[in-house]
Every structure is written in C-alpha cells, then in structure tokens.
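Notes to accompany the following structure.
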Amino acid sequence: MTDTIKISPSILSADFSKLGSEVISLEKAGADYIHIDVMDGHFVPNLTIGPEVIKKLRPLTKKIFDVHLMISPVNNFIKDFANAGADIITFHPEATEDTAKTIDLIKKEGKKVGISLKPKSKIDLVEKYLSDIDLVLIMSVEPGFGGQKFMPEVLEKTKKLKAIIKNKKLDVDIEIDGGINFENCTLAKQAGANILVSGSTIFKENKGDLKKNIEILRKN
Ligand code: DX5
Ligand code: ZN
C-alpha cells in the first residue's frame, strides 16, 4: 500500500445534541476529514441534516468537510452546501438527470467532486467522468443508516475501479463507506480504497475512544 490512508469519521454516529463538540473531539482525535451524511427521506428512507447545520459547524474546525449528499434531485442544493462550507461534495448519479451538469455545478463552486456508487450501482455510471472528478465513494451498505453490516461483494468493484484509475494514470481517491470495522478495513485498503468512512466503529468501539479507534482503522 503506497497510498496514504485517510480516515473520515461519519458524524451520523455522533451525539446530535452536541455536534459541535463532537466535531472538535474528532479533530483532536486525529480525523483527516469529517464525513457529513445528508439524507432527505426521499432518495434514502432517513432524514438527517441540511446546510444550516454545516454552516454552524464550519467555524469550529479547519478539517475538510466531506459531504455525502443522499438527496434527490440534487442540483438545486449544490450552492447551499458549497456556501455552508463543504469542501468535497459527493452525490449519487441516480439523484441527477445529468451527471456532467452536476459535476460542473460543484466545480463552479470551487469544490471537490465525488460520485457515490450504491452497492448495486455499476462502475459504468462513473467511468467516463473519472478524469473530471476527485473521488469515487463506494457504498458498502445500502445508503440510509449507520450501523449496518459491510457487504464484501463491493470489494471486487473497488479493485476494478482502482485498476481503471491506475491504468488511466488519474488522481482519483477511492473512499469506502458503510460497516467498516477493524477487520474489513484491511480488505478495503487492499482492494484500493484510500479513504475510510466510519461511524459506528469510531464512536462505539473501545468505549468510544475516538483516538484509539481512528488509529486502529488507519494502521490495520
Ligand atoms: C450510510 C452513510 C454512512 C454511514 C457510516 O448511508 O453514508 O456514512 O453512516 O456509518 P457506519 O460506519 O456505522 O456504517
Ligand atoms: Zn456517507
């Protein structure tokens, strides 16, 4: 593994009554990014937070806000999330009528672009856009909830994607999201993921010792 591994804790598993201090704790614990899951009750069967909350969190840390949009249609909200302080804006191709247009909207805001693939979504959905984007987010659970079981079948897709990126000599990160724990993180890295998202493992293992959990995920 030559790539540096980055850890992006998902605040979906944080205590929402004190999100601000949770984000500060994650920064102190050595998080690289802060993963923010945005859900609309339509694209996914759950509701979380919107741009207003991100805006309030923004002054608390300089860490990269890795915003995962699970909302449809997505285009009307790009500007709001960009203005709120997102650094990376990741969307699902199924949530837009025109993937190229959504990429363009995010770039016009000066933000990094990610495309997310649900467990059953094929690489074809992202392949022709690889030279225009910064990151592919491979979902290893069905989007919507934290605490689900990792789906090992996405590892094959991760490997294929890594090979394509390498072949084309592109600089595109592969992030993996859903059910990541101290065991399967090794498999995810071996498959080519260089950014690991984790909610439950980081907030719940070892009695919630964020620093320790981030370190183990990074090293295992
Ligand atoms: C699921 C979210 C994930 C999830 C990760 O829709 O995109 O970010 O919260 O949480 P764990 O690590 O608990 O699966
Ligand atoms: Zn996510």
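Each residue of the range 134-144 was assigned a 3J(HN,Hα) from its phi angle through the Karplus expression (A = 6.51, B = -1.76, C = 1.60, θ = phi - 60°), giving 9, 7, 10, 9, 8, 7, 9, 9, 5, x, x Hz with x at Gly and Pro. Look at the alpha carbon pairs under 8 Å that are at least 6 residues apart: their mean separation over the length of the range 6-219 gives a relative contact order of 20 percent. Taking a ≥ b ≥ c as the square roots of the Cα gyration tensor eigenvalues, with a/c under 1.5 meaning rounded and otherwise prolate when a/b beats b/c, else oblate, which class fits the range 99-166? Verdict is oblate for the range 99-166. Using a probe of 1.4 angstrom and keeping all protein chains present, the accessible surface of the range 6-219 works out to 46 square angstrom per residue.
Under the 0.36 nm per residue contour assumption, what length would be gained going from the current alpha-carbon distance of residue 98 and residue 159 to full extension?
19.3 nm
In this structure the amide hydrogen of residue 198, modeled in the peptide plane, comes within under 5 Å of the amide hydrogens of 8, 10, none closer than 5 places in sequence on its chain.
Shown in residue order for the range 122-129 are the 3J(HN,Hα) couplings computed by the Karplus curve 6.51 cos²θ - 1.76 cosθ + 1.60 at θ = phi - 60°: 7, 4, 3, 4, 10, 3, 6, 9 Hz (x for Gly and Pro).
Quote the FRET efficiency, to the nearest 0.05, computed for residue 212 versus residue 149 with a Förster distance R0 of 25 Å and r equal to the Cβ-Cβ distance.
The pair residue 212/residue 149 has a calculated efficiency of 0.65.
A crude spin-label estimate for the pair residue 142 and residue 15, with each label 7 Å from Cα along the Cβ direction, gives 3.2 nm. Rolling a 1.4 Å probe over the protein heavy atoms of the chain, with every protein chain left in place, gives an accessible area that is 51 percent carbon and sulfur. Rounded to whole numbers, the Karplus 3J(HN,Hα) couplings from phi for the range 24-40 are 4, 4, 5, 4, 4, 7, x, 4, 8, 10, 10, 8, 10, 8, 10, 10, 10 Hz, using 6.51 cos²θ - 1.76 cosθ + 1.60 with θ = phi - 60°, and x at Gly and Pro.
The ellipsoid equivalent to the alpha-carbon distribution of the range 157-203 has semi-axes of 23, 10, 7 angstrom, derived from the gyration tensor eigenvalues as √(5λ) and listed largest first.
Here, the chain is characterised by an Rg to Rh ratio of 0.93, where Rg is the alpha-carbon radius of gyration and Rh the Kirkwood radius. Between the beta carbons of residue 46 and residue 182, assuming R0 = 25 Å, the FRET efficiency works out to 0.45 to the nearest 0.05.
Backbone amide hydrogens, once placed in the peptide plane, bring residue 72 within less than 5 Å of 43, excluding anything fewer than 5 places away on its chain.
The values are calculated or read from the model by the stated rules, or taken from the named source; none is laboratory data. Computed from a prediction, not measured in an experiment: that's the story for all the values here. Note that each Cβ is placed from the backbone with ideal geometry, even for glycine, and that neighbours are counted across all protein chains shown. Accessible surface areas use protein heavy atoms only, side chains included; no ligands, DNA or RNA. Shrake-Rupley method; radii C 1.70, N 1.55, O 1.52, S 1.80 Å.
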